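Colleague: I have a structure here, written as structure tokens, and I will follow up with some questions on it.
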Amino acid sequence: MVATVVGQWERERPDLTEALWPVEVLARIQRMNRTIDKYLKAFTTEHGLEVGEFDVLLSLRRSGPPYALTAGALLPGAMVTSGAITNRIDRLEAKGLVERVRDEADRRSVRIRLTEEGHALADSVMEDHLDHYARLLAPLDRAQCETLAGALRTLLLAHGDTLGPATAS
């Protein structure tokens, strides 16, 4: 599809041929993003979750014991508003996957903690998720994946990715 679009522009505006190279990359990234989004929506639905809930669940699981973070700590990685995080937490709490607990050190602070059920679900869906992601990348070998990851990391950081070099992978 991208090659067709580029070819059409080259035919209609040959003067733009040399300037079309970004379309070759960025249009494919956009199309791949739609493919990944479609996969994630179907995958999370299959596990009784929404994509945003899945993100919160896995963020808590990878945070390590006691698998609890403040809502504010969940914000940077989620790239959504505090209201959206609150809604996600509310839905996960209603499903019995997280609970709100007062911070022992500061009773004014509330932490969102995985329940045993949430912990177990996070572990099982993460394994399935990695299998599905590996299948999405199966046409590439490991070296190609590493090159692509490095190039995308460079682009993200150059354009203000807020996660920074240590976590932008």
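Colleague: If you go through region 115-130 one residue at a time, do you hit one that is at pLDDT 95 or above, among the β-branched types (Val, Ile, Thr) and outside any helix (DSSP H, G or I)?
Modeller: yes
Colleague: Here's something else I'd like to know. Quick check on Leu58: is it part of a helix (DSSP H, G or I), touching a helix residue (DSSP H, G or I) at 6+ places or on another chain (Cβ under 8 Å), aliphatic (A, V, I, L, M) and surrounded by 13 or more Cβ atoms within 10 Å (Cβ to Cβ)?
Modeller: Working: part of a helix (DSSP H, G or I): yes; touching a helix residue (DSSP H, G or I) at 6+ places or on another chain (Cβ under 8 Å): yes; aliphatic (A, V, I, L, M): yes; surrounded by 13 or more Cβ atoms within 10 Å (Cβ to Cβ): yes.
Spelling it out, Leu58 is indeed part of a helix (DSSP H, G or I), touching a helix residue (DSSP H, G or I) at 6+ places or on another chain (Cβ under 8 Å), aliphatic (A, V, I, L, M) and surrounded by 13 or more Cβ atoms within 10 Å (Cβ to Cβ).
Colleague: Got at least one residue in region 137-156 being touching a residue at least 12 places away in the same chain (Cβ under 8 Å), closer than 18 Å to Leu58 by Cβ, open to solvent by 60 Å² or more (accessible area, probe 1.4 Å) and not hydroxyl-bearing (Ser, Thr, Tyr)?
Modeller: no
Colleague: All but one of (1) in contact (Cβ under 8 Å) with a residue 40 or more places away in the chain; (2) among the aliphatic types (A, V, I, L, M); (3) outside any helix (DSSP H, G or I) hold for Val101, so report the exception by its number.
Modeller: (1)
Colleague: While we're here: Among (1) in contact with a strand residue (DSSP E or B) (Cβ under 6 Å, 6 or more places away or on another chain); (2) open to solvent by 50 Å² or more (accessible area, probe 1.4 Å); (3) modelled with pLDDT under 95, where does Ala166 come up short?
Modeller: The one condition Ala166 does not meet is (1).
Colleague: Of everything in region 101-118, what is open to solvent by 50 Å² or more (accessible area, probe 1.4 Å) and within 28 Å of Ala42 (Cα to Cα)? Give them in sequence order.
Modeller: Answer for region 101-118, where residues must be open to solvent by 50 Å² or more (accessible area, probe 1.4 Å) and within 28 Å of Ala42 (Cα to Cα): Arg113, Glu116, Glu117.
The values are calculated or read from the model by the stated rules, or taken from the named source; none is laboratory data. Since this is a predicted model, take the numbers as computed values, not measurements. Cβ: placed from backbone, ideal geometry, glycine included. Neighbour counts: every protein chain shown. Protein only, heavy atoms only, side chains kept; ligands, DNA and RNA dropped before computing areas. Shrake-Rupley method; radii C 1.70, N 1.55, O 1.52, S 1.80 Å.
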